[in-house]
Amino acid sequence: MLDIKITKIETPKAKPTGALGFGKYFTDHMFMMDFDEGIGWHDARIIPYGPIPMSPASSALHYGAEIFEGMKAYLTKEGKVQLFRPYENAKRLNSSAERLCLPELPVEDFVEAVTTLVNLDRDWVPTEPGTSLYVRPFMIGDDHSLGVHGVHHAIFMVILSPVGSYYKEGLNPVSILIERDDVRVAGKGGTGYTKCGGNYAASTRAGKKAELKGYSQVLWLDAVERKYIEEVGSMNVMFKINGEVVTPALVGSILPGITRKSCIQILQEEGIPVSERRITVDELLKALEDGTLEEAWGTGTAAVISPIGKFVVDGKEFVVNNGEIGKVSQHLYDEITGIQSGKIKDTRDWTLEVK
Ligand SMILES: *Cc1c(COP(=O)(O)O)cnc(C)c1O
């Protein structure tokens, strides 16, 4: 158990009124805790949301010592607030920490930090259908020295942001640019399987290029051979080819998404064949050409399921399922968002009530 010292805000902020968007507004409080070598984690505290003083020599600023998580708290129609698979986020943060030589955090402490903060700011969980309270836990290495060495001081924080519904008029299939030049991150042995800020910094350029051309996201290929499909934007990707769902295997360069894992479990329980394997861009193009690609979609916490209506590669466009959402994508979306919002009974012990 953490001994969390709570300092409440004196004057609570006004809640946002118009469209929430994503990550634009923050709640009244934040969680913070320090790590020092020889002491461990200490000074767990919740304080009013605001700027943090930092040394200009901090290792987070110079060497990208940063990892994060992304999860959501949902309001059920009974007025309960619940999280979706928070222990999975806790475990993944530790896997990222291990790779970046940041200190690991007991999973119970991670969950306690998140639930205590969400509970304190629970009146910030938005009520409109499809909205939620986005939870952003993150950790930085904060050594005040320009020498590159292991981490002696680190900070773990959690901030909260009420976010709008990803989809305003139903699930809209998006257009995807297949990226042949930039790669997400280095290949096997790199940081692709971690949620670290540096991966995002490296992926910005291709994302910007796709956007300028009028596409939503890029489809990333592997860094070594530029042949195998890895992810789509900052989501995992799934294809339904000839009745079978295919998704890239977790070979080290791919982020092990919790939505991905949940989709695989649901599909398997329902007897839909799922194959986690390597899939080449040529196999995808062939399936697009001969019509065996029935559906394609991205998976991730923000959108849950993002159906793909079109792929563009080397200037050629390929439409998927007439640009419409497919049956499996829609079903996975309904099932997962149903469990998250409490509309569908949680038979797998995936939700955790915040109280
Ligand atoms: C967070 C993330 C995902 C999706 O993971 P979820 O746990 O499903 O939200 C996929 N790819 C990348 C690169 C990510 O950072």
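Just to confirm my filter: which strands (runs of 3 or more DSSP E) fall fully inside the stretch 43-84 and include at least 1 residues that are more than 29 Å from residue 201 (Cα to Cα)?
In the stretch 43-84, the matching strands (runs of 3 or more DSSP E) lie at 71-75, 81-84.
Considering only residues that are crowded, with 22+ Cβ neighbours inside 10 Å and within 25 Å of residue 353 (Cα to Cα), which ones fall in the stretch 93-104?
Hit for the stretch 93-104 is 93, nothing else.
Can you confirm whether residue 55 is crowded, with 19+ Cβ neighbours inside 10 Å, among the polar types (S, T, N, Q) and on the phi < 0 side of the Ramachandran plot? Reasoning before the result, please.
Values: crowded, with 19+ Cβ neighbours inside 10 Å: no; among the polar types (S, T, N, Q): yes; on the phi < 0 side of the Ramachandran plot: yes.
Taking the combined requirement at face value, the residue does not satisfy it.
Those residues that are outside any loop (DSSP other than H, G, I, E, B), surrounded by 21 or more Cβ atoms within 10 Å (Cβ to Cβ) and not β-branched (Val, Ile, Thr), I need them from the stretch 137-160; list them, please.
Once the filter is applied, which keeps residues that are outside any loop (DSSP other than H, G, I, E, B), surrounded by 21 or more Cβ atoms within 10 Å (Cβ to Cβ) and not β-branched (Val, Ile, Thr), the stretch 137-160 yields 137, 139, 141, 154, 156, 160.
Read through the list (1) surrounded by fewer than 17 Cβ atoms within 10 Å (Cβ to Cβ); (2) under 24 Å from the mean Cα position of the chain (by Cα), then give the number of the only condition that residue 60 fails.
Against the list (1) surrounded by fewer than 17 Cβ atoms within 10 Å (Cβ to Cβ); (2) under 24 Å from the mean Cα position of the chain (by Cα), residue 60 comes up short only on (1).
Would you confirm, using the coordinates I've provided, whether residue 98 is at pLDDT 95 or above, touching an Asp or Glu at 6+ places or on another chain (Cβ under 7 Å) and part of a loop (DSSP other than H, G, I, E, B)?
no
Kindly indicate whether any position in the stretch 214-232 is in a strand (DSSP E or B), of a type in the set (S, T, N, Q), modelled with pLDDT under 95 and within 16 Å of the ligand (Cβ to nearest atom).
Filtering the stretch 214-232 for residues in a strand (DSSP E or B) gives 217-221, 228-232.
Subset that is of a type in the set (S, T, N, Q): 217.
So of that shortlist, the ones also modelled with pLDDT under 95 come out as 217.
If we keep only those that are within 16 Å of the ligand (Cβ to nearest atom) too, we end up with 217.
Yes, because at least one residue in the stretch 214-232 is in a strand (DSSP E or B), of a type in the set (S, T, N, Q), modelled with pLDDT under 95 and within 16 Å of the ligand (Cβ to nearest atom).
Just checking, does the stretch 105-127 include any residue being outside the structural domain of residue 337 (by TED's automatic domain parsing), modelled with pLDDT of 95 or more, within 15 Å of the ligand (Cβ to nearest atom) and surrounded by 21 or more Cβ atoms within 10 Å (Cβ to Cβ)?
yes
Considering only residues that are of a type in the set (A, V, I, L, M, F, W, C), away from the ligand (no atom under 14 Å from the Cβ) and part of a helix (DSSP H, G or I), look in the stretch 166-213 and name the one that is surrounded by the fewest Cβ atoms within 10 Å (Cβ to Cβ).
212
Take the stretch 249-273 and flag every residue that is aliphatic (A, V, I, L, M), surrounded by 15 or more Cβ atoms within 10 Å (Cβ to Cβ), more than 15 Å from residue 331 (Cα to Cα) and at pLDDT 95 or above.
250, 254, 255, 258, listed by residue number.
If we keep just the residues of the stretch 64-86 that are over 14 Å from the mean Cα position of the chain (by Cα) and within 21 Å of residue 193 (Cα to Cα), which is nearest to the ligand (Cβ to nearest atom)?
66
What are the pairs, 6+ residues apart or on separate chains, where a residue within the stretch 191-205 that is hydrophobic (A, V, I, L, M, F, W, C) has its Cβ under 8 Å from a residue that is assigned to a loop (DSSP other than H, G, I, E, B) and near the ligand (Cβ under 8 Å from one of its atoms)?
Taking only residues 6 or more apart or on different chains, the pairs are 202/184.
Let me spell it out: the conditions are (1) within 16 Å of the ligand (Cβ to nearest atom); (2) touching a residue at least 60 places away in the same chain (Cβ under 8 Å), and residue 97 meets all of them except one. Which number is the exception?
If we test residue 97 against (1) within 16 Å of the ligand (Cβ to nearest atom); (2) touching a residue at least 60 places away in the same chain (Cβ under 8 Å), just (2) comes out false.
The values are calculated or read from the model by the stated rules, or taken from the named source; none is laboratory data. Remember, it's a predicted structure, so these values are computed and weren't measured experimentally. Counting neighbours? That spans all protein chains shown, and the Cβs are built from the backbone with ideal geometry, glycine included.
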